[in-house]
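Here is the structure we will look at.
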Amino acid sequence: DVKVTQSSRYLVKRTGEKVFLECVQDMDHENMFWYRQDPGLGLRLIYFSYDVKMKEKGDIPEGYSVSREKKERFSLILESASTNQTSMYLCASSFAGFGQETQYFGPGTRLLVL
Amino acid sequence: GQNIDQPTEMTATEGAIVQINCTYQTSGFNGLFWYQQHAGEAPTFLSYNVLDGLEEKGRFSSFLSRSKGYSYLLLKELQMKDSASYLCAVIPGTYKYIFGTGTRLKVLA
């Protein structure tokens, strides 16, 4: 079974804090993704990575950065948290394949920025 | 632009059949996925369509018409545990999914 884990299920931070969200997958997937999920907006892609140290911006990268130093681990960093970054954050991973491989999701981190 | 439309909410009765529609307008098409997401949990994969027609998997089936930009997910013999959100996602190119906002299905006893 594919397993994608995220470091926290719930997180409360203050405005201006630096926030790290970690994601680990155990299936040797090449691709990893970070999404945020908001009511009425669905899942929106923040960043994705197709290899170690490689990253590409998604649809809403502003205010975020990412790090992928090892194949199994993909971190999302909020450089200076703001209240509009309160959201559910979902990590996913997939094989590279031909570009249409199934993505497997972690349980999500619900972040509240006060 | 890229657009995926699904109904926001649907209600059905236990034992019934329900069809959740998804229409899309995207710059390209490399496949369509359906995911199920229970409240507070991760989305889990249900089905993948890339060719026109019906894919059946137990109580769940998914249909695709590429010429119409249309898909549906059919759930038969509804159970209470099917109460969840159902997400339609299209891959216009490679790797990147475009998600619809999801359809929240309530199954009533």
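Starting from the Cα gyration tensor of region B:39-109, take the square roots of the eigenvalues, sort them a ≥ b ≥ c, and report rounded, prolate or oblate (rounded when a/c is under 1.5, otherwise prolate if a/b is larger than b/c, else oblate). Walk me through the numbers on the way to the answer.
Values: a/c = 2.20, a/b = 1.39, b/c = 1.58.
Oblate shape, in that a/c is at least 1.5 and b/c is the bigger or equal ratio.
Once you sort the root eigenvalues of the Cα gyration tensor of region A:8-48 as a ≥ b ≥ c, which label holds: rounded (a/c under 1.5), prolate (a/b larger than b/c) or oblate (the other case)? Oblate is the answer for region A:8-48, as a/c is 1.5 or above yet b/c matches or exceeds a/b. Can you tell me the FRET efficiency between residue B:44 and residue B:70 if r is taken as the Cβ-Cβ distance and R0 is 25 Å, rounded to the nearest 0.05? That gives a FRET efficiency of 0.60.
Applying a DSSP loop filter and a limit of 10 other Cβ atoms within 10 Å to the chymotrypsin sites (Phe, Trp or Tyr not before Pro) in region A:67-97 leaves nothing.
Ranking A:58, A:43, A:11 by how far each Cα lies toward the positive end of the dipole of chain A (charges on Cβ) leaves A:11 at the top. For region A:50-114, the Cβ-based charge dipole about the Cα centre amounts to some 200 debye (Lys, Arg positive; Asp, Glu negative; other atoms uncharged). Here the simple spin-label model places points 7 Å from the Cα toward Cβ, and for residue A:52 and residue B:94 these points are separated by 2.1 nm. Given +1 at the Cβ of Lys and Arg, -1 at the Cβ of Asp and Glu and no other charges, the dipole of chain B around its Cα centre is 120 debye to the nearest 20. Modelled spin labels at residue A:96 and residue A:114, positioned 7 Å past Cα toward Cβ, are 4.5 nm from each other. If both residues of a DSSP beta bridge must be in chain B, then about 90% of such bridges are antiparallel. Exposure proxy shown here: for A:72, A:62, the number of other Cβ atoms within 10 Å sets the order, fewest to most, as A:62, A:72.
Counting beta carbons within 10 Å around each of B:80, A:27 and listing the fewest first gives the order B:80, A:27. Largest first and in whole Å, the equivalent-ellipsoid semi-axes of the protein assembly as shown read 29, 20, 16, each the square root of five times a Cα gyration tensor eigenvalue. Summing Cβ point charges (Lys, Arg +1; Asp, Glu -1) relative to the Cα centre of the protein assembly as shown gives a dipole of roughly 400 debye. Of A:70/B:68; A:18/A:70; B:68/B:96; A:13/B:57; A:57/B:81; A:53/B:106, which ones are farther than 31 Å apart at the Cα? Where the Cα-Cα span goes over 31 Å, the pairs concerned are A:70/B:68; A:13/B:57; A:57/B:81; A:53/B:106. Look at the alpha carbon pairs under 8 Å that are at least 6 residues apart: their mean separation over the length of chain B gives a relative contact order of 37 percent. With neighbours defined as other Cβ atoms within 10 Å of a residue's Cβ, the residues A:80, B:61 order from fewest to most as A:80, B:61.
Each value in this text was obtained by applying a stated rule to the coordinates, not by laboratory testing. Since the structure is predicted, the reported quantities are computational estimates derived from the model, not experimental observations. Cβ coordinates were reconstructed from backbone atoms using ideal geometry, including for glycine residues, and neighbour counts include every protein chain displayed.
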